Amino acid sequence: MTRRIARVLIDSPLPQLDRLFDYAVPAEFVERAVPGVRVKVPLRTLGRVVDGFIVEVDDEESTERALSDLEEIPSDAVVLTPATYTLARKVADRAAGSACDILRLVIPKRQVRVEKAWLAGDEVPAPVVTDDARTAALDRLAEFPGLADALLADERILIDAPAHPEVTADGSTVGAWARLLAAAAATVLASGRSVVLVVPDHRDQDALATALREVVPEDAVARVDARQTGPARYRAFLRTLEDAPCIVLGNRSAVYAPVRAGLVAIWNDGDPLLDEPLAPYVHARDAALVRQELTGGALLLAGHTRSADAERLVSIGYVREVVAARRYTPRVVLSSTSETERPGARVPSAAFRAAREALATGPVLVQVSRPGYAPVLVCADCRRPARCTHCSGPLFARARGVTPVCRWCGRTAHAWTCGTCGSEKFRLASSGSERTADELGRAFPDTRVIISDGDHPVLEVSDQPALVIATRGAEPVAAGGYAAVLLLDGDRMLMADDLRIAESCLRWWSDAAALAKRGAPIHLVAVTGAVARALATWTQPAFARTELAERAPLRMPPTVRVAVITGDADRVDGAVAAVREAVPDLPAEAVLGPVRIDDPDVPSARALVRFDYGVGTRVSSALRGAVVQAALKSRRVKGRAARTTLRVRLDVADPQL
């Protein structure tokens, strides 16, 4: 006698359950139990029914083994493809994580009505790219000699995108980068294969969607992002399961889209928004590299700047750089106060003059570091930071003349006195977007002032004269481009305690400079050094090479991979020992810590492990084993789930003990 069995991946956060479980298939489910469908199965260890996916089915000759039966098959829709499971398994193993955590990002929550309509609907026809659109796309790609051939040959490519805005046929203004990626997508789609376009945020998605409308039919694009409703997102996911090719446009989770991708393109891979904040914390770039190795297709990395991670891939020959036939360099000016000006002036006379002249023809962008009015207050006498008398939190001012408020507890600081000198007076130590708008509004009394930050988001502005005060990343697009760009607070941005702050600042400034129309002046205020020279000469690749060379002797990422281990002291010691056993030749200095922590609210120990890419498989396997062992030895307390005693995160961009 034989029986049908199903191997099921259970949707559970417990690391010890990250494997396939065998279940017997009842007779009524034999026809419906196929790989990829959702199921409900009993789990004895938890004493309840859990969700899962059938990964494999098989016939077992012996029926002596005791197996639980499948509880239910909620739907006949095959939502987990073999390629998606293989990718999730590979990515999870590389990051010492669970495959179900990856699949949770890929497969949205089921929407019954949407799914029934999809199952009953007709097959989606393949989208048609017109000859005119294909010719226009190839003409655009010709700006980078050999790029079109490299895309169709499934190569790994990196390009430095042109940094200026363009006006589309419908009158919209988008970055030249968006039209370039749209041309690449149209070229691959015309060859009969799907395309995955991954961008950091909704602004980039909107720009790319506008550029795609010029070259491909609107129904050929499936958008995947967090702003969608549940039904809309599930409908877009089901579209990616169709045989007909499409273009998947979305944020970091779109990199796992279940399509036969002929191209995966990632815009601005240095943006931290592409780094997944949920376990197993995989960056979209790393997931795309794994996907390209497994399924083929082209991989395209593009940006106005180049991350150190992308430069490492170029330096080892894994990714090939394609250079533009004609290089465009924005007009960047390094502004500083002259001898006749007051030292420390926030806007030097040269930048002020450039803004005044540009306002005669169009809008001017002013980039600042922080939102609000005065994000930081100090004592007017001793210059110590002003702290709340209740919780010791930092105080800030919402407007001039308004009583400050605590950023932590929200209390108003009435009758405040300095804890150091007893003074009762504040001093505004910094200028946010609102204070900058206030000051520049008085300097240009007849000019409209627009604020764009987290509290006042603005996506677009007209081509009429206006001062646009924006925080980094919140700069709106100006119709036709900005007449001038002022980059303020650069020295303050560079003071952040971050390994990659110089790289991040160069990216923020370059993205803002790319919003200026051709030939418009871009003033970088009060910044000197290598990062300022890189922006002024528009040599971001050279700066990335310098950053990479400086990190190599220190064995800091991305020259090596870094794992952060946190948890109970004995668990951390055990994980470090497991890594040393798996990699006997690991240098002694590769492990930093463990460092003991006395705070009861955080794990009691932390360690860093730096290792080469070649031993990554052994290290991740050892760490995953340590996590499972720690979970198995954990005990439930007072009926609650066991406390996590060990956590592991790999490929940390900025490791800090």
Residues (crowded, with 20+ Cβ neighbours inside 10 Å and not aliphatic (A, V, I, L, M)) located in region 539-556: 540, 543, 547
Sole exception among (1) touching a Phe, Trp or Tyr at 6+ places or on another chain (Cβ under 7 Å); (2) touching a residue at least 40 places away in the same chain (Cβ under 8 Å); (3) more than 23 Å from residue 351 (Cα to Cα) for residue 391, by number: (2)
Could you tell me whether any residue of region 472-485 is of a type in the set (Lys, Arg) and farther than 21 Å from residue 362 by Cα? no
Of all residues in region 18-45, which are free of Cβ contacts under 8 Å to residues at least 40 places away in the same chain and among the aliphatic types (A, V, I, L, M)? 20, 27, 30, 39, 41, 43
Residue 357 within 30 Å of residue 479 (Cα to Cα) and among the acidic types (Asp, Glu): yes
Filter the strands (runs of 3 or more DSSP E) completely within region 1-46 down to those with at least 1 residues that are touching a Cys at 6+ places or on another chain (Cβ under 7 Å) and of a type in the set (A, V, I, L, M, F, W, C). 3-10
Index of the failed condition, residue 86 passing every other in (1) surrounded by 19 or more Cβ atoms within 10 Å (Cβ to Cβ); (2) within 30 Å of residue 646 (Cα to Cα): (1)
Please work out which residue is farthest from residue 235 (Cα to Cα), limiting yourself to region 77-114 and to residues that are of a type in the set (Val, Ile, Thr) and part of a helix (DSSP H, G or I). 91
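Restricting to region 50-67, what's the tally of residues that are surrounded by 14 or more Cβ atoms within 10 Å (Cβ to Cβ) and more than 34 Å from the chain's Cα centre (by Cα)? Working first, answer last.
Residues of region 50-67 surrounded by 14 or more Cβ atoms within 10 Å (Cβ to Cβ): 50-57, 60, 67.
Among the residues that remain, those that are also more than 34 Å from the chain's Cα centre (by Cα) are: 57, 60, 67.
Adding up the residues that qualify gives 3.
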Need the failing condition index for residue 218 against (1) in contact (Cβ under 8 Å) with a residue 12 or more places away in the chain; (2) over 19 Å from the mean Cα position of the chain (by Cα), just the number. (1)
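Considering region 48-76 alone, what residues qualify as being assigned to a strand (DSSP E or B) and touching a residue at least 40 places away in the same chain (Cβ under 8 Å)? It would help to see each step written out before you state the result.
As a first pass, look at region 48-76 and keep what is assigned to a strand (DSSP E or B): 48-60, 69, 72.
Those that are assigned to a strand (DSSP E or B) and touching a residue at least 40 places away in the same chain (Cβ under 8 Å): 50, 51, 52, 53, 54, 55, 56, 57, 58, 59, 60, 69.
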When region 479-520 is checked residue by residue, the ones that are farther than 24 Å from residue 168 by Cα and of a type in the set (S, T, N, Q) are 504
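What number of residues in region 115-142 are part of a loop (DSSP other than H, G, I, E, B) and modelled with pLDDT under 95?
Counting residues in region 115-142 that are part of a loop (DSSP other than H, G, I, E, B) and modelled with pLDDT under 95 gives 10.
Across region 12-49, which residue is farthest from the chain's Cα centre (by Cα) among those that are of a type in the set (Lys, Arg) and surrounded by 14 or more Cβ atoms within 10 Å (Cβ to Cβ)? Before the answer, list the steps.
Looking only at region 12-49, we keep the residues that are of a type in the set (Lys, Arg), and these are 19, 32, 38, 40, 44, 48.
Remaining after also requiring surrounded by 14 or more Cβ atoms within 10 Å (Cβ to Cβ): 32, 38, 40.
Values: 32: 38, 38: 29, 40: 33 Å.
Once the filter is applied, the top-ranked residue is 32.
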Identify the single condition in (1) farther than 22 Å from residue 149 by Cα; (2) over 20 Å from the mean Cα position of the chain (by Cα); (3) of a type outside the set (Val, Ile, Thr); (4) surrounded by fewer than 20 Cβ atoms within 10 Å (Cβ to Cβ) that residue 294 does not satisfy, given that it satisfies every other one. (1)
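Looking at 590, 626, 582, which one is buried (at least 16 other Cβ atoms within 10 Å of the Cβ), farther than 22 Å from residue 91 by Cβ and modelled with pLDDT of 90 or more?
Working: 626 fails: farther than 22 Å from residue 91 by Cβ; 582 fails: farther than 22 Å from residue 91 by Cβ.
From the options 590, 626, 582, the qualifying one is 590.
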Among the residues of region 379-393, count how many are surrounded by fewer than 20 Cβ atoms within 10 Å (Cβ to Cβ) and among the hydrophobic types (A, V, I, L, M, F, W, C). 3
Matching residues in region 534-570 (in a loop (DSSP other than H, G, I, E, B) and touching a residue at least 40 places away in the same chain (Cβ under 8 Å)) number 8
Do you know which residues across region 183-216 are under 23 Å from residue 459 (Cβ atoms) and either in a helix (DSSP H, G or I) or in contact with a Pro (Cβ under 6 Å, 6 or more places away or on another chain) (or both)? 185, 202, 203, 204, 205, 206, 207, 208, 209, 210, 211, 212
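Filtering region 394-422 down to residues that are among the small types (Gly, Ala, Ser) and surrounded by fewer than 18 Cβ atoms within 10 Å (Cβ to Cβ), which residue is nearest to the chain's Cα centre (by Cα)? Steps first, please.
At the first step, the residues of region 394-422 found to be among the small types (Gly, Ala, Ser) are 397, 399, 401, 410, 413, 415, 419, 422.
Keeping just the survivors that are surrounded by fewer than 18 Cβ atoms within 10 Å (Cβ to Cβ) gives 399, 401, 410, 415, 419, 422.
Details: 399: 33, 401: 39, 410: 31, 415: 44, 419: 41, 422: 45 Å.
Taking the candidates together, the pick is 410.
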Counting only residues that are among the charged types (D, E, K, R) and either without any contact (Cβ under 8 Å) to a residue 12 or more places away in the chain or touching an Asp or Glu at 6+ places or on another chain (Cβ under 9 Å) (or both), which one in region 117-138 is surrounded by the fewest Cβ atoms within 10 Å (Cβ to Cβ)? 122
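Tell me which residues, restricted to region 307-361, are assigned to a loop (DSSP other than H, G, I, E, B), of a type in the set (Val, Ile, Thr) and under 34 Å from the mean Cα position of the chain (by Cα).
Restricting attention to region 307-361, the residues satisfying the condition of being assigned to a loop (DSSP other than H, G, I, E, B) are 307, 316-319, 322-330, 336-348, 359-361.
Adding the requirement that they be of a type in the set (Val, Ile, Thr) leaves 316, 319, 322-323, 329, 337, 340, 347, 361.
Hits for region 307-361 are 316, 319, 322, 323, 329, 347.
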Only one of 287, 308, 345, 298 that is out of contact with any His (no Cβ under 8 Å at 6 or more places or on another chain) and in the same structural domain as residue 507 (by TED's automatic domain parsing): 345
Here's a check for you: in region 557-573, which residue that is buried (at least 20 other Cβ atoms within 10 Å of the Cβ) and over 28 Å from the mean Cα position of the chain (by Cα) is nearest to residue 312 (Cα to Cα)? 572
Go through (1) at pLDDT 95 or above; (2) more than 25 Å from residue 42 (Cα to Cα) for residue 102 and report which single condition fails. (2)
So in region 605-628, with the set limited to residues that are part of a strand (DSSP E or B) and among the aliphatic types (A, V, I, L, M), which one is farthest from residue 557 (Cα to Cα)? 605
With respect to residue 148, determine if the residue is part of a helix (DSSP H, G or I) and closer than 25 Å to residue 288 by Cα. yes
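The values are calculated or read from the model by the stated rules, or taken from the named source; none is laboratory data. Note that the structure is predicted; figures quoted are calculated from it, not measured. For neighbour counting, all protein chains shown are included, and Cβ atoms are generated from backbone atoms with ideal geometry for every residue, glycine included.
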